[in-house]
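To start, the structure itself, in structure tokens.
The values are calculated or read from the model by the stated rules, or taken from the named source; none is laboratory data. For clarity, every value in this text was computed on a predicted model and none was experimentally measured. Every residue, glycine among them, receives a Cβ derived from its backbone with ideal geometry; neighbour counts consider all protein chains shown. For the accessible areas, the whole protein counts, side chains as well, though only heavy atoms, and no ligand, DNA or RNA atoms are used. Shrake-Rupley method; radii C 1.70, N 1.55, O 1.52, S 1.80 Å.
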Amino acid sequence: MPPHASRPRYLAEGPRVAIRHFRLDDGDEFTARVRESGDLHRPWLFPPDTAAAYAAYARARIESPDCEPLLVCEREAGGAIAGYININNIVRGGFLSGTLGYGAFAHAAGRGLMGEGLGLVLRHAFGPLGLHRLEANIQPLNTASIALVRRAGFRLEGFSPALVFVDGAWRDHERWAITADG
């Protein structure tokens with residue numbers, strides 16, 4: 001981190017990771033991690049891999065009142081970005097719900113960092129954000145993603161054909177959800 005940059009404020013901390021909001025100046029590290037993680041992400045995810053794409057992606061999420069853009073950072077690695085978990089499509093009122101979008105970076109995959117980060121996000125969502133329900137829509141063959149939410153206590157609620165446009169086609173997804181009361 002440059003000497004003039006302010007240290008990011010963590011929203012929650014666990015033994016190995018902490019979560020914090022996206023910042024526009026995270027672009028260089030975020031896009032480098034994305035480029036290193038292409039084999040891990042494809043064909044499920046296509047996060048921004050250039051400075052311009054990251055700036056547009058991050059700005060849209062940072063400025064949206066319907067999104068809580070969060071980075072999972074490794075505490076012992078000086079806050080290095082291990083992955084991201086966005087709470088998207090937040091609806092208030094009687095619904096109090098959001099939809100998760102997330103991805104680990106290759107250097108962090110298989111180390112349990114995203115599981116710990118997801119636990120922190122759940123506490124943040126059901127605590128300070130005041131949400132009641134979170135949903136994750138996952139392509140059926142994305143076994144790593146399904147295992148992540150299953151370990152966190154999400155339950156399978158259904159199957160939606162052609163739910164999300166990914167990689168040039170409408171893809172089927174399983175709907176996994178968790179509520180504040182379990």
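Those residues that are open to solvent by less than 50 Å² (accessible area, probe 1.4 Å), of a type outside the set (A, V, I, L, M) and within 16 Å of residue 102 (Cβ to Cβ), I need them from segment 34-53; list them, please.
37, 41, 47, 48 - these are the residues of segment 34-53 that are open to solvent by less than 50 Å² (accessible area, probe 1.4 Å), of a type outside the set (A, V, I, L, M) and within 16 Å of residue 102 (Cβ to Cβ).
Taking the condition in contact with a helix residue (DSSP H, G or I) (Cβ under 7 Å, 6 or more places away or on another chain), over 21 Å from residue 111 (Cα atoms), among the hydrophobic types (A, V, I, L, M, F, W, C) and surrounded by 12 or more Cβ atoms within 10 Å (Cβ to Cβ), does residue 12 pass?
Working: in contact with a helix residue (DSSP H, G or I) (Cβ under 7 Å, 6 or more places away or on another chain): yes; over 21 Å from residue 111 (Cα atoms): no; among the hydrophobic types (A, V, I, L, M, F, W, C): yes; surrounded by 12 or more Cβ atoms within 10 Å (Cβ to Cβ): yes.
Considered against the rule, which asks whether it is in contact with a helix residue (DSSP H, G or I) (Cβ under 7 Å, 6 or more places away or on another chain), over 21 Å from residue 111 (Cα atoms), among the hydrophobic types (A, V, I, L, M, F, W, C) and surrounded by 12 or more Cβ atoms within 10 Å (Cβ to Cβ), residue 12 comes out as no.
Consider segment 136-165. How many of its residues are buried (at least 18 other Cβ atoms within 10 Å of the Cβ) and within 21 Å of residue 94 (Cβ to Cβ)?
0
How many residues, within segment 166-182, are open to solvent by 30 Å² or more (accessible area, probe 1.4 Å) and either under 20 Å from residue 95 (Cα atoms) or under 18 Å from the mean Cα position of the chain (by Cα) (or both)?
Qualifying residue count, segment 166-182: 5.
Residue 40 - would you say it is of a type in the set (A, V, I, L, M, F, W, C) and farther than 24 Å from residue 131 by Cα? Explain how you work it out, then say what you get.
Working: of a type in the set (A, V, I, L, M, F, W, C): yes; farther than 24 Å from residue 131 by Cα: yes.
Considered against the rule, which asks whether it is of a type in the set (A, V, I, L, M, F, W, C) and farther than 24 Å from residue 131 by Cα, residue 40 comes out as yes.
State the number of residues belonging to segment 144-165 that are in a strand (DSSP E or B) and among the basic types (Lys, Arg). I'd like the intermediate steps shown before the answer.
Residues of segment 144-165 that are in a strand (DSSP E or B), as a first pass: 155-165.
Next, from what is left, pick out any that are among the basic types (Lys, Arg): 155.
Number satisfying all stated conditions: 1.
Please go through segment 131-181 and give me each residue that is over 20 Å from residue 85 (Cβ atoms), at pLDDT below 95 and touching a His at 6+ places or on another chain (Cβ under 9 Å), ordered by number.
181
Please work out if residue 133 is within 17 Å of the chain's Cα centre (by Cα) and among the charged types (D, E, K, R). Walk me through it before giving the result.
Values: within 17 Å of the chain's Cα centre (by Cα): yes; among the charged types (D, E, K, R): yes.
Yes: the conditions hold for residue 133.
What are the residues in segment 67-78 that are open to solvent by 10 Å² or more (accessible area, probe 1.4 Å), touching a strand residue (DSSP E or B) at 6+ places or on another chain (Cβ under 6 Å) and farther than 12 Å from residue 121 by Cβ, if any?
Scanning segment 67-78 gives 67, 74, 75.
Which pairs do you get when a residue that is farther than 19 Å from residue 115 by Cα, found in segment 78-96, comes within reach of a residue that is among the hydrophobic types (A, V, I, L, M, F, W, C) and assigned to a strand (DSSP E or B), reach meaning Cβ atoms under 9 angstrom, with the pair 6+ apart or on two chains?
Note: pairs meeting the criteria are 96/90.
For segment 132-158, give me each residue that is over 11 Å from residue 173 (Cα atoms) and in contact (Cβ under 8 Å) with a residue 60 or more places away in the chain.
145
For segment 88-113, name all the residues that are out of contact with any helix residue (DSSP H, G or I) (no Cβ under 6 Å at 6 or more places or on another chain), open to solvent by less than 30 Å² (accessible area, probe 1.4 Å), hydrophobic (A, V, I, L, M, F, W, C) and under 17 Å from residue 69 (Cβ atoms).
Matches in segment 88-113: 90, 100.
Answer yes if at least one residue in segment 141-152 is within 16 Å of the chain's Cα centre (by Cα) and over 25 Å from residue 40 (Cβ atoms), and no otherwise.
Checked against the condition, which is being within 16 Å of the chain's Cα centre (by Cα) and over 25 Å from residue 40 (Cβ atoms), segment 141-152 yields no hits at all.
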